Structure formats: structure tokens, C-alpha cells
């Protein structure tokens, strides 16, 4: 799921206001919302898109319940909506078959902007110490029961107290939630420093209190839930498939935030244990659309008859989104990774140029920042404004942070990276590790050893060559691939050495950073803080990002935070791409307007004539 938790100065477009409060139809953190209070639909949708048809998509792994908000069990894919806040970041843009809605709905073509959905208006006081949402009286759950402020309050309290521990981190700045009347809910804040809170709260799912009466929320849910969204679960077989069916009487179908979206009558999620088998299912026409994230596959695996005959479309869709950080996270809870010199040495041994040339067909760019592809990324040496924040921690921070530009090694791509490996060995030596009898050992003679944990065999083609390089340095490195369910369990419990991780980011990073890299999240099971980042400087800088009152202060704090994270070497940076690779059978039509997010499947629709032509062509072959 990609990050959409928002921060910066909260600027509201007023619908009506008095001396103390401002009422608005939408919230943005960069200027004012682009759409007026009376907008009819998002400008990137086809408001007259026909409804109908079925789409089949693939998921890897398994599922055993329908509660994605807890640690226990493995919830089905596709339950939450396009902006339902989840730990580790919120999903923005495309969603498939979702059953729950949130108070606000995002715009896929605006930066950090959301409009009233279940809530028709948002109210804020001048001191920003609370936010109130006025619910639409027509809002209904799928069983016909009205959505009330009491449901919102119950949802907030339940997620905070019984949901994934990360929810407590995300909602820590909220003092309480109160239902002032059946259609008005007010959240009071502990301070007015965290300017993203109204948007975080607008993104929580609204769950039906009456449905959960008599059920234990902390346990996996094995019956289809009552939701507030456009789809209901029509059928399922745990571990194999789940079918979502569109509700033709969905209460929000004519709202401006919903018109032209959720156009398929049925959405079928087919589960595969292996990504290779899922690809074969797509080639056979059992799966209708897939997003490809393996460069080798995109270059070589789509040369099959349906593509050559034009029955399958292969399309690169550029986007303008921050790409965040992707890399191998080192779990500093393990003694082997506690010394930052060891972590730097391990990172220095990764030969990106060889991998990009030989494994990725030159498709990727090396990731050099936790905020890559955005103006939040640091560069050069810190300037005066950053130094004003960093000097407080100068004695505890690496001296190179203040005097050098952060750089990653660059090789010739031949696979002969001896110069970089010599640097790694020197760093290991400084940390007390030396080569003896071709083994990298500490003062006690114990060989350095760790395991790289994966949840997809596809990534073995990257991890295994990297492990071989590290083995040349005398390290006992192994690669272990487990199924997605076991992987989730191991990472939720932080029971791993090194693992692959993605930290998504937005143009306005905020409270999600507290789940990523704070001392509190390092102790919270299920958080995104896999490396166990716990540093007073990082905690302070995250607070400054979250509480920044303007874009200039935000950039300064983000640049400083980025530098500290990079120079602490928690992650071996990998690569990123600035486009989506989408392949689909000719069953669909979609709006032609390019959007900032690049790809938004919510706006596509089933095209009966194209489907008929495609099936006829397949039948004649």
C-alpha cells in the first residue's frame, strides 16, 4: 500500500466561517483545494462510465480472515478503500473491491488533498486544537443501518486500543473523540503542533459498531463484514479466492467523490502461492490485469502471442510521485548490525551497477535518499538552516555528515568491485572484524553470519549474488525465502536479520514517519520500524517534520532527517522507477487524461465490445 499520510501548513477553503472556526469541503496542505465546493466529480474520471463486467486480479500468498486491522491472521486483499489509513502508510489512489470507506476521499491528481466523503464538511478552530466532521445523513452501512458519529468514535477507540500497535503511534496526539450528536464527531488534540491530524483522522475507516457487538475485534474475522463501501463480499474460499460484488444501491454512488469510479460489477481476487504461477495465470487469461515490478519480467516475459496480436496491452505509465526508500533493512536488534561501520561496510559491498546491467536491463535508478524523486531529498553538504537543527546532536552524529556529501559506491558494472570491497574490509577492521582463514571474525573468533529473509523467490536473483559478494568477504550469509504469511509473522515480531523493505513517501511526509523510525515504534510489534531505529536526533527531527508550520521549515527538517538516516546506514539502498508497468487484456476502457499518480484503476470500466472482440480472437487461434 503507498504513503498518503499528510503534513505541512493546513490551509482550508471556507464554505462558511465565523470568528472562531472555519468550515470547509476539502483539505489541502499546499495552497487551496483545486475543486470548488460544488464540484460534480473529479476531473480525471469519466462521470458516465458504464457499470458492469467482472475483473480478476491476482494476489500472492494466502488469507484466512477479513480483519486487516489486527496483527493476528492474514486478511484478504482489497478490503480497504482508496484512502483508509493503515500502519506504515496509507493507500492512495487505486483500490479494488473495497468494503469500507473513510470520512474523506483523496484526489489522485492533487498533492496532499482530500475532500469530504462520509463527512460532508470539516470544521477547525483558529487554534487548531480540534477538528469536527459533519457526517452525511444519507451515509449507510451495507445492511442499511445509518453511519453515525458513534460509529466513528467507536472505530477510533477500537483501532487505538485493540488494533495493530502502530495505530497507537499514529494517533498518539489525539486526546479523545466525542460524538456531539448523531452526525457530528469532534476529535480533540493534545497540542496544535501536529498539523496533519485532521487528515489522518479523515482517513480512518468507519466501521459499524453494531456489527462488532458480541465479536472480539482482536481476533481474526471469518465472516464477511458489514461495510460502508461500494462492494460487498459475495463469496470466498479461504486461501484461494474472494469475490466482491458491487452494491447497485450504494449510498455514495452519486457523490462527486464517487462518480465515475468503482465501475465493475464483480471483482475476483485469485490467490497464488507463487508469482511465477500467477504470471502463467495472466498469460492464460485467468487474470485480467497485473502491475509488473520485476524489470526482467517486463523486458522478457511478455513476448507471448496475445501481446504480439494486440490482445494484451503492455503499457508504461509515468507518474510524478516520490519513490521513497527501497532496500535491504538491517535489524539492529541483532548484535551483528549494531555498529554503523558494519552496516556501512555491508552496504558498500552491494554492486548496483552490475545488478542494473545484468538483472534489470538498465531499467532502474539508484535510490540516494529516503525521500527520492522529491524536493525533500537531501543533497550536497548541510546548509546553515540544517546545521541549526543538527548541531544540537553533533557529538552523537557521524562527523562525515557535517563535512561530506552522502554518496554510494559506483562501479563499472563488470562485477569486479574490488575497490569497494577493500573499503568494506577497512570499515570492518575499524569495527573489530578481521579476516582469518578466509572468515570474517571478531576478537573472540566468531564468524560474522546473518540471513537475508525474503517473501518472494523472485528476489532471490538479487539477494543470492549479493550474498555471494558478502561471502567473498568471509561472511556466512544465507538467503531464506518463506511464504508471505510466515514472512508477515516474522517481520511483525522482528524475528529476522536482514530483509527487503519499502518505505513509501508523499510530497508532505508526516505522522507515518513515527511508525517508520521512532524509538516508540521500534518497540511496537507490527510497526514498519524493521531496522529498530531509535535515535534522539531522529525522534526530534521527525517531530520537526510533523510540526513544521510552512514548506520551508518542512524542507529543512526533512533534509536534516534524511541525512541522519542515510549516515546511520540502516538500509542498503536499492533502486526505484518513475513509471508503472501495467499489462492487461483488452477488456477495459479508461480515461485518457494523465494524472499525477499515473495509474488509477478505480476509474477504469468494463468495455463489452472490446471483450467480445478479444474473446473472439482468442477463440479463433
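Since every read-out is calculated from the coordinates, none of them should be taken as a lab result. As the structure is a prediction and not an experimental result, all values here were calculated from the model. Because the Cβ atoms are built from the backbone with ideal geometry, glycine has one as well, and the counts that use them run over all protein chains shown.
Observations
- Estimated inter-spin distance, residue 191 and residue 407, nm [label 7 Å along Cα→Cβ]: 4.0 nm
- The label-point distance for residue 316 and residue 222, in a model that sets each label 7 Å from Cα toward Cβ, rounds to 4.9 nm.
- With the highest mean first, a sort of the peptides 269-277, 392-400, 60-68 on other beta-carbon atoms found within 10 angstrom per residue produces 60-68, 269-277, 392-400.
- A Förster radius of 41 Å, combined with the Cβ-Cβ distance separating residue 616 from residue 276, puts the computed FRET efficiency at roughly 0.90.
- Three-way shape label, the stretch 253-324, alpha-carbon gyration tensor, a/c 1.5: prolate
- Taking the helices alone, the chain has a mean residue ellipticity at 222 nm of -7500 deg cm²/dmol, built from -39,500 (n - 2.57) per DSSP H run of at least 4 residues and averaged over all its residues.
- Were the residues from residue 333 through residue 181 laid out at 0.36 nm apart, the gain over their Cα-Cα distance would be 50.0 nm.
- Restricting attention to the chain, close to 80% of DSSP beta bridges with both partner residues there are antiparallel.
- Relative contact order (percent, whole number), the chain, Cα cutoff 8 Å, 6+ residue spacing: 21 percent
- Label positions at residue 478 and residue 307, each projected 7 Å from the Cα along the C-beta direction, are separated by 3.7 nm.
- Sorted on the mean count of surrounding Cβ atoms within 10 Å across their residues, most packed first, peptides 110-116, 465-471 read 110-116, 465-471.
- Computing FRET efficiency as 1/(1 + (r/R0)^6) for residue 446 and residue 593, where r is the C-beta to C-beta distance and R0 is 60 Å, gives about 0.50.
- Förster radius 30 Å - calculated FRET efficiency between residue 396 and residue 578 (Cβ-Cβ, nearest 0.05): 0.25
- Theoretical gain in end-to-end length, residue 291 to residue 48 [0.36 nm per residue, Cα-Cα removed]: 84.9 nm
- Protection proxy ranking for 360-367, 402-409, 526-533, using the average of other Cβ atoms within 10 Å per residue and placing the highest first: 526-533, 360-367, 402-409.
- Under the shape rule built on the C-alpha gyration tensor, where the axes satisfy a ≥ b ≥ c, the stretch 11-212 is oblate, since a/c reaches at least 1.5 while a/b does not exceed b/c.
- Which label in (i) 71, 25, 24; (ii) 39, 32, 22; (iii) 58, 28, 19 gives the computed semi-axes √(5λ) of the Cα gyration tensor in Å: (ii)
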